[in-house]
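The structure under discussion appears below in the form of structure tokens.
The values are calculated or read from the model by the stated rules, or taken from the named source; none is laboratory data. Quick caveat, the model's predicted, so the values are computed rather than measured. Neighbour counts run over all protein chains shown; Cβ positions are idealised from the backbone, glycine included. Side chains are part of the model used for accessible areas, which takes the heavy atoms of the whole protein and leaves out ligands, DNA and RNA. Shrake-Rupley method; radii C 1.70, N 1.55, O 1.52, S 1.80 Å.
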Amino acid sequence: MAAAAAEAGELPLSDDILADILIRLPTLADFGRACASCPAFRRVITGHPFLRRLHALHPPSLLGTRTYFGFHPVDAPNPSAPAARDLAGAADFDFSFLPEPGFWMVRDERGGRFVVDRDEGMDDTFTTIAVCDPLFRRYELLPPIPGDLAATVQQPDRVNGERRCHVFLAPSDNEEEVVAGARKSFTVIWMAQCPTKLVAFVFSSVSMQWRAVAPASWRDLDPSMRSVSEKSLRYRNYAYGCFYWSLEEFPFRQNLIVLDMGRMKFFRANHPPPRERGEFAIVELGESRLGMFRLASNNMDGGGVLRLFSANWETHGSCVSEWMYEKEAPLSRSYKYDMLGLADGKLILVATQNVRSAPEVHCISLDFKALQHEEIQGMIHHDFRPHVPIPLPTPYMGYPPSLSLPTI
């Protein structure tokens with residue numbers, strides 16, 4: 001009788017009791033196997049209340065990389081390869097569900113939620129922006145930036161013909177869904193590097209309105225800047241409610257620019273010495289400690305060193321205190337290194353063999369605390385071409401489709 005009831009999707013236990021039992025499964029793969037084994041298990045596990053509990057206990061997995069051109073799942077022998085293949089097959093990473101006409105360009109992704117925009121052919125400064133979920137094929141078009149805010153924007157600078165307007169997502173303050181099936185809130189930031197100032201507007205899906213960040217002049221952000229044409233914001237990072245960029249100047253100087261999302265304000269922060277140009281990543285070390293990884297390479301010779309600095313995040317003054325050197329990890333001279341980003345509490349690096357033809361390329365994860373690294377299998381594909389003039393891929397974190405929640 002019990003076996004027949006299980007096959008019919010009925011068990012002599014309430015869904016609440018089943019949920020309390022199933023939530024004790026140790027791994028995401030175990031939840032997938034439970035879904036496949038019994039209709040009753042599948043009904044409970046795929047329900048939104050259970051999935052919210054599951055996501056609170058189990059962080060998302062590294063499933064692949066994303067670029068402007070799509071999603072690349074990890075391959076075997078990576079343990080996440082089955083879930084990554086399922087995601088690649090289930091989601092529409094071509095975004096064919098978005099309204100026509102026009103070509104939609106991916107600008108950013110966070111937690112399975114994408115922000116995209118398209119040029120209407122009239123003004124590539126203010127484009128049509130949408131936030132979408134390619135797995136559940138949902139999207140929301142954002143209202144245009146109001147005219148009074150748009151009027152404050154000078155024609156953004158261009159570098160090599162490319163605009164200096166940026167659209168990206170911020171983590172939501174309230175990730176809790178009020179009721180099952182209710183959409184999650186999201187925040188989108190539009191930012192422009194204008195000739196004399198840095199301008200940004202913030203859209204909230206809760207208020208459905210745009211509001212302005214206090215603009216900052218380049219002279220205020222860096223009084224020593226000789227010419228506004230020298231500025232370049234690079235390496236966007238996020239930690240403790242703030243975005244960080246490197247403000248680079250020709251030839252070698254580097255400053256740290258911060259956007260405090262709570263105060264809606266730009267400001268300049270100290271940069272750990274030496275202030276030479278180079279890649280960095282900001283991480284949360286816990287207990288209001290901010291970490292910065294600095295990649296110091298040996299130029300064309302390969303190798304170099306990865307240094308970790310830390311600082312206190314002073315919430316009362318919204319500034320970064322003096323940085324302290326923590327530790328460093330030497331890098332092999334046989335390889336050149338690039339930062340891909342952060343995933344699963346680790347720094348992800350691409351190591352390219354320092355040879356002229358057919359170089360080996362590896363993906364490496366580096367633990368924040370121990371600075372121990374290991375290779376991530378299946379992350380780099382045969383068609384990967386390092387050091388080409390397109391942005392590097394970025395890590396994609398997520399859940400198998402059956403264990404995913406809508407983000408829109």
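Output the residues belonging to segment 40-60 that are more than 17 Å from Arg113 (Cβ to Cβ) and open to solvent by less than 60 Å² (accessible area, probe 1.4 Å).
Applying the first criterion (more than 17 Å from Arg113 (Cβ to Cβ)) to segment 40-60 yields 40-47, 49-50, 53-54, 56-58.
Correct list: Ala40, Phe41, Val44, Ile45, Thr46, Gly47, Phe50, Leu54, His58.
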- Message: Please return the ranges of strands (runs of 3 or more DSSP E) entirely within segment 308-408 where 3 or more residues are open to solvent by 50 Å² or more (accessible area, probe 1.4 Å) and modelled with pLDDT under 85.
- Response: 373-375
- Item | Residue under evaluation Arg219, criteria (1) of a type in the set (D, E, K, R); (2) modelled with pLDDT of 90 or more; (3) open to solvent by 60 Å² or more (accessible area, probe 1.4 Å), criterion not met | (2)
- Task: Please identify the pairs in which a residue from segment 315-340 that is closer than 30 Å to Gly262 by Cβ and among the charged types (D, E, K, R) has its Cβ atom under 8 Å from the Cβ atom of a residue that is at pLDDT below 85 and not in a strand (DSSP E or B), counting only partners at least 6 apart or on another chain.
- Result: Glu322/Asn270
- Query: Across segment 115-154, which residue is modelled with the highest pLDDT among those that are part of a loop (DSSP other than H, G, I, E, B) and of a type in the set (D, E, K, R)?
  - Reply: Arg137
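For segment 24-39, give me each residue that is free of Cβ contacts under 8 Å to residues at least 60 places away in the same chain and open to solvent by 20 Å² or more (accessible area, probe 1.4 Å).
Just the residues of segment 24-39 that are free of Cβ contacts under 8 Å to residues at least 60 places away in the same chain, to begin with: 24-27, 29-30, 33-34, 36-39.
Arg24, Leu25, Pro26, Thr27, Ala29, Asp30, Arg33, Ala36, Ser37, Pro39, listed by residue number.
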- Note on the structure: Selection from segment 68-99 of residues closer than 26 Å to Ile189 by Cβ and either hydrophobic (A, V, I, L, M, F, W, C) or without any contact (Cβ under 8 Å) to a residue 60 or more places away in the chain (or both) yields Phe69, Gly70, Phe71, Ala91, Asp92, Phe93, Asp94, Phe95, Phe97, Leu98, Pro99
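In the set Pro99, Pro82, which member is more than 22 Å from the chain's Cα centre (by Cα) and under 29 Å from Cys363 (Cβ atoms)? Write out each step before concluding.
Details: Pro99 fails: under 29 Å from Cys363 (Cβ atoms).
The unique qualifying residue is Pro82.
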